[in-house]
Amino acid sequence: MTPVILLAAEKESAEVTDWAARIGWVVGLALFVALVYWLMREGWKWRGTLQGDLPALPTRPSPATTLDGGGKPPLPGMPDDPGPARLSMSGRYHGSTTAGQWLDRIVAHGLGTRSRVELTLTDAGLDVVRPGATDFFVPAGALREAVLGKGIAGKVLTEGGLLVVTWAHGGKLIDSGFRSDTAAEHNEWVDTINAMIKKTETQTETEGAR
């Protein structure tokens, strides 16, 4: 066999070997990605199970009802007449965490799903409408604080790029992060929500003193 034929045979063999190696590498990578995705999904489900004691969220359309049948007090839904809107906002919902712990994401009841959001603040509370995800309502009496932040649930933005609203639910304090399409609106939201909270606290103290 001539040297030319030998070289051609060796080249063809090398090409076949390279293809086999490439296919094996691609298959291995696909299996690795699938494993990572499965582990992430199982971790998400496990976190949701751990947070199973969190009562179902107050919903928008319904009045007060018993939500879980487990003896927990009923939660108020959005009232039929919440009053005129004080503020409204279009933007993004970046998630919720245990208050003060920006990496302790809450995934129960759809709170872990990032989405577009339409926020409306009235005297009755904060109405959170999320296209493609679960809507919820935070009664005015459950609001605790509003601040400017830069990170929540693993999402980091510029300083003051996030509106973080702290609210009480099921004996737990929750931080929820929102970003307006017009970030300059955040300051007004912080001032208005905190003024509402202060007014509610003052009214409660006055009524308790009677």
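In whole percent, and with a 1.4 Å probe on the protein chains, what portion of the accessible area of segment 86-210 is carbon and sulfur? Answer for segment 86-210 is 48 percent, counting heavy atoms of protein chains only.
Averaged over residues, the count of other Cβ atoms within 10 Å places the peptides 144-154, 180-190 in the sequence 144-154, 180-190, highest first. Across segment 110-155, Cα pairs under 8 Å and at least six residues apart give a relative contact order of 27 percent. Here, segment 130-210 yields an orientationally averaged convex hull projection of 6.5 nm² when only Cα atoms define the hull. In this simple spin-label model, placing a label point 7 Å from the Cα along the Cα-to-Cβ direction at both Phe32 and Leu148 gives a separation of 4.3 nm.
The values are calculated or read from the model by the stated rules, or taken from the named source; none is laboratory data. Predicted model only: the values in this text are computed from it and were never measured. All Cβ positions, even for glycine, are placed from backbone atoms using ideal geometry, and neighbour counts span all protein chains on display. For accessibility, only protein heavy atoms count, side chains too; no ligands or nucleic acids. Shrake-Rupley method; radii C 1.70, N 1.55, O 1.52, S 1.80 Å.
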